[in-house]
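Engineer: Sending over a structure as C-alpha cells; questions will come in a sec.
The values are calculated or read from the model by the stated rules, or taken from the named source; none is laboratory data. Small disclaimer: the values here were computed from a predicted structure and weren't measured. Ideal geometry is used to build each Cβ from the backbone, glycine not excepted, and the neighbour counts take in all protein chains shown. For the accessible areas, the whole protein counts, side chains as well, though only heavy atoms, and no ligand, DNA or RNA atoms are used. Shrake-Rupley method; radii C 1.70, N 1.55, O 1.52, S 1.80 Å.
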Amino acid sequence: MNFDKYKNCKDSGEEWLFEIPEDWKMKRVKDIAKVNPPTKSDRKFEDEDKIDFLPMTNVDEVAGKIKLFNQVNYSEVKNGYTKFRNGDVLFAKITPCMENGNCVIVETLKHNLGFGSTEFIVFRTNRHINRRYFHYFVRNNSFRAKAEQFMIGTAGQKRISTFYLTVHDISYPPIQTQKTIAEYLDTKTEQIDKKIDILQTKKEKYKELRKTIINQAVTKGLDKNAELKDSGVEWIGKIPKHWEVRRIKDFTYVKGRIGWQGLKSDEFIDNSDYFCITGTDFKNGEVDWKNCYGVEEFRYEQDKFIQLKKNDLLITKDGTIGKIALIKYLPKKTTLNSGVFVTRPLKRKYENSFMFWLLSSSVFKNFIDFTKNGSTILHLYQNVFERFFYALPPTPEQLQIVKYLEEKASKIDHMILTIDKNIETLNEFRKTLINDAVTGKIKVV
C-alpha cells in the first residue's frame, strides 16, 4: 500500500520521533491530558448495586478494545480500584500488557462510572487533543519502546512510572487533522479486524474438523461399514464389534514423581547432562527440549521409575490437565518433575503412537469432565487416570489409524499454521499503520 509523505518537516527534538510535519506540535502528555483525574458520579450507589468492572483479562490487547465489562457489587470495588468514566483512555502500565498494546477507550459504561485494575493509568484528554488520536498515539510502537526504557521492577512485573508518562512527549497535528487520522485508522483497523475474524473463524473450523477426525478414528476406526456394538462406557459410545474395551491400568505402565522428593525449582540449572521435564515444556504434542531445565545427576538417579525412554508418552496431571507429549528422541538422560506422568504399553497390547491420538481426543477430555462431577479438578490422580476406559483395536488396525491421523492432522496443522501467519501479518500491518500515521511518517489526509 502506497502513502503520500508530508512535504515540509522539522526536527521533533526527540530521537525516537526524528522528524515531524511542520505544522505538528510537541507537548508533554500532562499538557494535553489529565492523568488519573478525580472521578465522581452524579448518582449515589448502594453497596449491592451492580457496577461495571474491567480486569486486564477483558481487554483485547491486539485490537485495543474492551471485550466486555464484568458486573460486580459496588461494595466489592468502591475502594482500592482505578476509577474512570466514558471517554477516558486506559493505559496498562505493567509488562507484558504494556508491550502488547493494552490500551483502550472507555465508551459503554452504563452509569458513566467504572472500576478497573490498579494496573491501569487513566488519561482524560483536553480540547487540544482528539481522544481517539491520543488512543492511537499511546499504542504506537515508538512511544512504547521509549517508555519501556524507564520501566522499573522485577522481570515480568515491570511497571512504567505514572510520573514519567505525564512528562513523556507526544506529537500531534491540528485538531481537524487529528480527527481525520483517527477516523482513517478506525476504518482501516476495523477492516483488518474483520479479515482477522474471518481467518479466526476458518481456523476454528479446521480445529473442530481435526477433533472430529481424531474422535471418529479412535472410537469407530477407519472402516465405515464395520458392525458396531455398545461399549458400555458413557464417554465412548458405540465401537466396532471386534474392538475391546480396556482400562489404562490393564496394559499401561504409569509412574510419576512421588511428591517433589525434595526437588525444588531453585535446583533447576541451565547446563547439565540431565534434563527434568515439566508440563510447560510440552509443545504441539512433543517436548520442547530448547527450554528444558537441567538437574544434578543424583536427581536423575533418585527414581529409576521415571527415567525416560524413547517412545514414552507423557501426560500432565497438574495445571493444565491432560496435555500430552510423545518422546520421539532423548537428547540427554531425562527425568520428570512432579506434575507429569510417564506411560508405556505393557504386554505389547497397544502402540504408544495410538495412545497418543487416543489421549488427544475428546474421549479423554470427556472422561476428565466426567470425573469432575461438578467440582473444579486441579489434579489428575493416578488411581483416577488408571480407571480411564478406552476402545482398543487390534495392533495392525492401530497402526493404520496412526498413519491415517498423522497424514490428516499434518495437512490440517499446515492450514492452521498458514492462517496464523496471515493473522500475524495483518496484526503487524496494523501496528505499522498506526505507528506511521500518528508520528507523521505517512500522510493519510
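Engineer: Among the residues of the range 116-144, what is the count of those that are over 24 Å from Y184 (Cα atoms) and either modelled with pLDDT under 80 or not in a loop (DSSP other than H, G, I, E, B) (or both)? Before you say what the answer is, go through the steps one by one.
Structural biologist: The initial filter retains those residues of the range 116-144 that are over 24 Å from Y184 (Cα atoms), namely 116-122.
Retained after the next criterion (residues that are either modelled with pLDDT under 80 or not in a loop (DSSP other than H, G, I, E, B) (or both)): 116, 120-122.
Of the residues in that region, 4 qualify.
Engineer: Show the residue pairs that are 6+ apart or on different chains and have beta-carbon atoms under 7 Å apart, the first residue being within the range 328-339 and open to solvent by 70 Å² or more (accessible area, probe 1.4 Å), the second being basic (K, R).
Structural biologist: Once the first residue is open to solvent by 70 Å² or more (accessible area, probe 1.4 Å) and sits in the range 328-339, its partners that are basic (K, R) give Y329/K310.
Engineer: Just to verify a result, which residue in the range 344-390, among those that are surrounded by fewer than 21 Cβ atoms within 10 Å (Cβ to Cβ) and part of a strand (DSSP E or B), is modelled with the lowest pLDDT?
Structural biologist: Only one residue fits best here, namely H379.
Engineer: Right, I198: outside any strand (DSSP E or B), modelled with pLDDT of 85 or more, out of contact with any Leu (no Cβ under 8 Å at 6 or more places or on another chain) and open to solvent by 40 Å² or more (accessible area, probe 1.4 Å) or not? Full working, then the answer.
Structural biologist: Working: outside any strand (DSSP E or B): yes; modelled with pLDDT of 85 or more: yes; out of contact with any Leu (no Cβ under 8 Å at 6 or more places or on another chain): yes; open to solvent by 40 Å² or more (accessible area, probe 1.4 Å): yes.
It is true that I198 is outside any strand (DSSP E or B), modelled with pLDDT of 85 or more, out of contact with any Leu (no Cβ under 8 Å at 6 or more places or on another chain) and open to solvent by 40 Å² or more (accessible area, probe 1.4 Å).
Engineer: Kindly list, by first and then second residue, each pair from a residue in the range 407-420 that is over 23 Å from I196 (Cβ atoms) to a residue that is in a helix (DSSP H, G or I) and charged (D, E, K, R), limited to pairs with Cβ atoms under 8 Å and residues at least 6 apart or on different chains.
Structural biologist: Close Cβ pairs satisfying both conditions: K408/R210; A409/R210.
Engineer: What residue, of I258, I277, I236, I198, is touching a residue at least 40 places away in the same chain (Cβ under 8 Å) and under 25 Å from the mean Cα position of the chain (by Cα)?
Structural biologist: Numbers: I258 fails: under 25 Å from the mean Cα position of the chain (by Cα); I236 fails: under 25 Å from the mean Cα position of the chain (by Cα); I198 fails: touching a residue at least 40 places away in the same chain (Cβ under 8 Å).
That would be I277, the only listed residue that is touching a residue at least 40 places away in the same chain (Cβ under 8 Å) and under 25 Å from the mean Cα position of the chain (by Cα).
Engineer: Now for a different question. Right, N140: farther than 18 Å from V35 by Cβ, in contact with a helix residue (DSSP H, G or I) (Cβ under 7 Å, 6 or more places away or on another chain) and not β-branched (V, I, T) or not? Write out each step before concluding.
Structural biologist: Values: farther than 18 Å from V35 by Cβ: yes; in contact with a helix residue (DSSP H, G or I) (Cβ under 7 Å, 6 or more places away or on another chain): yes; not β-branched (V, I, T): yes.
Considered against the rule, which asks whether it is farther than 18 Å from V35 by Cβ, in contact with a helix residue (DSSP H, G or I) (Cβ under 7 Å, 6 or more places away or on another chain) and not β-branched (V, I, T), N140 comes out as yes.
Engineer: From I239, I277, grab the single residue that is open to solvent by less than 100 Å² (accessible area, probe 1.4 Å), under 26 Å from Y404 (Cα atoms) and modelled with pLDDT of 90 or more. It would help to see each step written out before you state the result.
Structural biologist: Numbers: I277 fails: under 26 Å from Y404 (Cα atoms).
None of the others qualify; the one that does is I239.
Engineer: Now, a different point. Tally the residues that are touching a Lys or Arg at 6+ places or on another chain (Cβ under 9 Å) and either assigned to a loop (DSSP other than H, G, I, E, B) or over 20 Å from N352 (Cα atoms) (or both), restricting the search to the range 243-261.
Structural biologist: Total satisfying the criteria: 2.
Engineer: Let me ask something else. Among the residues of the range 20-31, is any surrounded by fewer than 10 Cβ atoms within 10 Å (Cβ to Cβ) and either in contact (Cβ under 8 Å) with a residue 24 or more places away in the chain or within 37 Å of the chain's Cα centre (by Cα) (or both)?
Structural biologist: Kept after step one, since they are surrounded by fewer than 10 Cβ atoms within 10 Å (Cβ to Cβ), are these residues of the range 20-31: none.
No.
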